[in-house]
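**Student:** Okay, here's the structure, questions in a sec.
The values are calculated or read from the model by the stated rules, or taken from the named source; none is laboratory data. A quick note: this is a predicted structure, and the numbers were derived from the prediction, not measured. Positions of Cβ are backbone-derived with ideal geometry, glycine not excepted, and every protein chain shown enters the neighbour counts.
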Amino acid sequence: MKEVLENYQNLINSKQLVVGVIGLGYVGLPIAVEFAKKGYITYGFDTDKNKISKLQSGINYIQDIEDEQVEQVVADKKLLATNNFGEIKKCNAIFVCVPTPFTPNKDPDISYIVSACNSIRDNITPNQIIILKSTTFPGTTEKYVKPILEESGKKSGEDFYLAFSPERIDPGNKVWTTSNTTVVVGGVNEISTDLASMVHNVVVSQIKKVKSPAVAEMEKLLENIFRSVNIALVNEMAQLCDRIGVNIWEVVDAAATKPFGFMPFYPGPGIGGHCILIDPYYLAWMAREYDFVTKFIQLAAEINEDMPYYVKNMVIREIAKQDVTIKTAKILILGMAFKRDVDDLRHSPALKVVELLKQEEIQNIDYYDPYIPEIIVMGGKLDSLKEINKKTLSNYDVVVITTDHSVFDYNMIVKNSKVVVDTRNACKNVENATNVVLLGDGK
Ligand SMILES: NC(=O)c1ccc[n+]([C@@H]2O[C@H](COP(=O)([O-])OP(=O)(O)OC[C@H]3O[C@@H](n4cnc5c(N)ncnc54)[C@H](O)[C@@H]3O)[C@@H](O)[C@H]2O)c1
């Protein structure tokens with residue numbers, strides 16, 4: 001055991017450690033680039049040929065990474081992107097960063113993990129450390145990943161090492177990045193935990209070791225469901241505030257002055273992305289296997305998923321106040337990404353708002369989002385504005401702020417729009433914003 005650890009430390013110290021990252025998306029590519037930047041040869045594997053050919057040409061496609069960094073590590077031959085999974089044999093440490101979506105019935109879909117593990121199984125070599133980073137339900141590493149890898153005839157914890165370590169990257173967050181955010185690691189045995197920690201330590205400074213992969217898997221779900229539940233609480237209170245005439249944004253700001261026991265969360269048009277929306281369903285599915293119903297967590301998910309309906313009703317009310325009909329009304333959606341300053345459209349609540357407005361037979365819906373070049377909703381392409389200005393804004397009966405990107409000029413938007421439905425309190429600093437209808441302001 002000591003020998004394996006020493007051997008890894010030597011590989012790290014001599015920069016001879018070879019890293020493999022399977023799945024080069026929002027999570028995998030930043031990890032691969034971090035190792036490559038530190039001088040380690042890093043194989044990046046992906047089934048998406050388009051991503052591989054871009055990376056082979058030194059072209060970046062992830063917003064959080066600087067283009068020059070990808071260009072440099074590719075030019076230095078430190079980042080080697082490939083869809084030849086046979087190269088897994090050359091790697092000492094392998095990170096698995098593939099998607100974990102849900103099925104149409106909202107059950108976990110771990111088929112990408114299974115497929116990545118099949119590729120590793122076919123190429124596994126002695127003493128490799130395999131680290132699953134994809135968010136998933138407790139038990140995935142031990143009950144699904146381990147048996148697949150052991151089909152190779154090798155034993156986990158002895159012939160190869162296995163750990164789960166959740167990813168904490170927060171796309172768009174300039175303060176908390178891969179290098180300064182603590183990473184949690186739980187291996188199938190002590191040496192697996194130690195090896196996974198040692199390898200992580202190359203690119204992150206703080207590691208929290210836990211006793212098992214299941215603790216690490218559950219910890220990640222707790223983090224994300226904590227957000228889901230708190231957002232749901234404030235979304236419900238926002239709806240109540242609208243009914244009783246109190247401004248939720250003032251309420252949260254006031255509560256946030258308490259220096260202990262309170263953390264502010266803000267209402268909005270719903271939740272999206274590949275994590276917070278999906279994870280409660282992963283946990284609920286696993287809980288059902290144990291005859292347990294996660295009532296509170298599911299209720300929170302339902303409240304959040306109702307928010308696009310609430311926003312749709314706000315828009316319909318504003319149309320009704322004007323001299324237009326549903327069929328003639330022109331709506332502009334500002335911000336389609338699931339959160340501020342990112343280019344990720346996955347499960348964005350703005351998509352749901354558009355879908356609901358279309359179901360009401362509103363025909364003229366355009367959008368503007370500098371990060372999202374193209375959108376298909378209900379089988380049809382949504383028209384996109386190239387820019388917003390006095391002239392373009394004045395064409396619309398209702399402008400809806402679904403995502404509060406920092407690049408938007410809210411003064412200009414409010415000044416030149418007939419009515420703005422603001423679901424994010426994005427116009428809070430705009431003076432004389434009498435044409436702004438704010439979600440949860442109690443009016
Ligand atoms: N995006 C985030 O902010 C974030 C944060 C924390 C955790 N996570 C979790 O990390 C995981 C990955 O998320 P993401 O946002 O990076 O997804 P992504 O879709 O951006 O990237 C996943 C990549 O894996 C590739 N892929 C799929 N199957 C593959 C296979 N068998 N072999 C090789 N490549 C394969 C896809 O082509 C894609 O490029 C998910 O479990 C997610 O929940 C994501």
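**Student:** Give A163, A216 a once-over and let me know the one that is in a strand (DSSP E or B) and touching a Pro at 6+ places or on another chain (Cβ under 8 Å).
**Tutor:** On the way: A216 fails: in a strand (DSSP E or B).
Testing whether each residue is in a strand (DSSP E or B) and touching a Pro at 6+ places or on another chain (Cβ under 8 Å) leaves just A163.
**Student:** Determine which member of the set T136, T181, T125, T177 is part of a loop (DSSP other than H, G, I, E, B) and within 20 Å of L11 (Cβ to Cβ). Please lay out each step first, then the result.
**Tutor:** Numbers: T136 fails: within 20 Å of L11 (Cβ to Cβ); T181 fails: within 20 Å of L11 (Cβ to Cβ); T177 fails: within 20 Å of L11 (Cβ to Cβ).
Residue meeting the stated conditions: T125.
**Student:** A follow-up question, please. Which of the numbered conditions does K220 fail, given that it passes all the others? Conditions: (1) under 20 Å from G139 (Cα atoms); (2) assigned by TED's automatic domain parsing to the domain that holds I131; (3) crowded, with 18+ Cβ neighbours inside 10 Å.
**Tutor:** K220 satisfies every listed condition except (2).
**Student:** Then there's this: Output the number of residues of region 246-283 satisfying the condition of being within 16 Å of the ligand (Cβ to nearest atom) and in a helix (DSSP H, G or I). Talk me through it step by step, then tell me what you get.
**Tutor:** Initially, region 246-283 is screened for residues within 16 Å of the ligand (Cβ to nearest atom), giving 271-283.
Pick out the ones that are also in a helix (DSSP H, G or I) and you get 279-283.
Within region 246-283, residues that are within 16 Å of the ligand (Cβ to nearest atom) and in a helix (DSSP H, G or I) number 5.
**Student:** Going through V377, V353 one at a time, which residue ends up being touching a helix residue (DSSP H, G or I) at 6+ places or on another chain (Cβ under 7 Å) and modelled with pLDDT under 95? Show your work before the answer.
**Tutor:** Details: V353 fails: modelled with pLDDT under 95.
It is V377.
**Student:** Which of (1) within 16 Å of the ligand (Cβ to nearest atom); (2) surrounded by fewer than 17 Cβ atoms within 10 Å (Cβ to Cβ) does K390 not meet, given it meets every other one?
**Tutor:** (1)
**Student:** With the requirement that a residue be crowded, with 16+ Cβ neighbours inside 10 Å and either out of contact with any Gly (no Cβ under 7 Å at 6 or more places or on another chain) or in contact (Cβ under 8 Å) with a residue 40 or more places away in the chain (or both), what does region 45-60 give you? Quick ask: steps written out before the conclusion?
**Tutor:** At the first step, the residues of region 45-60 found to be crowded, with 16+ Cβ neighbours inside 10 Å are 45-47, 51-52, 54-55, 58, 60.
Within region 45-60, F45, T47, K51, I52, K54, G58, N60 meet the criteria.
**Student:** Now for a separate question. Given (1) away from the ligand (no atom under 11 Å from the Cβ); (2) closer than 27 Å to R288 by Cα; (3) outside any loop (DSSP other than H, G, I, E, B), where does I130 come up short, assuming only one miss?
**Tutor:** Status for I130: all satisfied but (2).
**Student:** For region 341-376, which positions are β-branched (V, I, T), under 15 Å from V315 (Cβ atoms) and either within 16 Å of the ligand (Cβ to nearest atom) or outside any helix (DSSP H, G or I) (or both)? Give the steps one after another, and end with the answer.
**Tutor:** Filtering region 341-376 for residues β-branched (V, I, T) gives 342, 353-354, 362, 365, 372, 375-376.
The next check asks that each one be under 15 Å from V315 (Cβ atoms); those that pass are 353-354, 362, 365.
Scanning region 341-376 gives I362, I365.
**Student:** Still on this structure: Restricting attention to region 251-291, which residues are closer than 26 Å to G442 by Cβ and over 25 Å from the mean Cα position of the chain (by Cα)? Talk me through it step by step, then tell me what you get.
**Tutor:** Applying the first criterion (closer than 26 Å to G442 by Cβ) to region 251-291 yields 251-258, 261-272.
Within region 251-291, V251, D253, A254, A255, A256, T257, K258, G261 meet the criteria.
**Student:** Given the criterion crowded, with 20+ Cβ neighbours inside 10 Å and not charged (D, E, K, R), identify the matching residue among V407, V420, V430. Please lay out each step first, then the result.
**Tutor:** Details: V407 fails: crowded, with 20+ Cβ neighbours inside 10 Å; V430 fails: crowded, with 20+ Cβ neighbours inside 10 Å.
Residue meeting the stated conditions: V420.
**Student:** If you don't mind, there's one more thing I want to ask. How many of the residues in region 5-26 are at pLDDT 95 or above, crowded, with 16+ Cβ neighbours inside 10 Å and either more than 16 Å from the ligand (Cβ to nearest atom) or assigned to a loop (DSSP other than H, G, I, E, B) (or both)? Break it down stepwise before answering.
**Tutor:** Initial filter on region 5-26 (at pLDDT 95 or above): 5-25.
Add one more test, that the residue is crowded, with 16+ Cβ neighbours inside 10 Å, and what stays is 8, 11-12, 17-25.
Remaining after also requiring either more than 16 Å from the ligand (Cβ to nearest atom) or assigned to a loop (DSSP other than H, G, I, E, B) (or both): 8, 11-12, 17-18, 23-25.
Number satisfying all stated conditions: 8.
**Student:** Please go through region 36-78 and give me each residue that is within 16 Å of the ligand (Cβ to nearest atom), part of a helix (DSSP H, G or I) and under 22 Å from R168 (Cα atoms), ordered by number. If you could, list the steps in order and put the result at the bottom.
**Tutor:** So the first thing to find is which residues in region 36-78 are within 16 Å of the ligand (Cβ to nearest atom), and the list is 42-56, 59-65, 70.
From what's left, part of a helix (DSSP H, G or I): 49-56, 70.
Passing the criteria: only V70.
**Student:** Against the definition (of a type in the set (F, W, Y) and part of a helix (DSSP H, G or I)), how does F338 come out, yes or no? Spell out the reasoning first.
**Tutor:** Details: of a type in the set (F, W, Y): yes; part of a helix (DSSP H, G or I): no.
Here the answer is no, as F338 does not meet what is asked.
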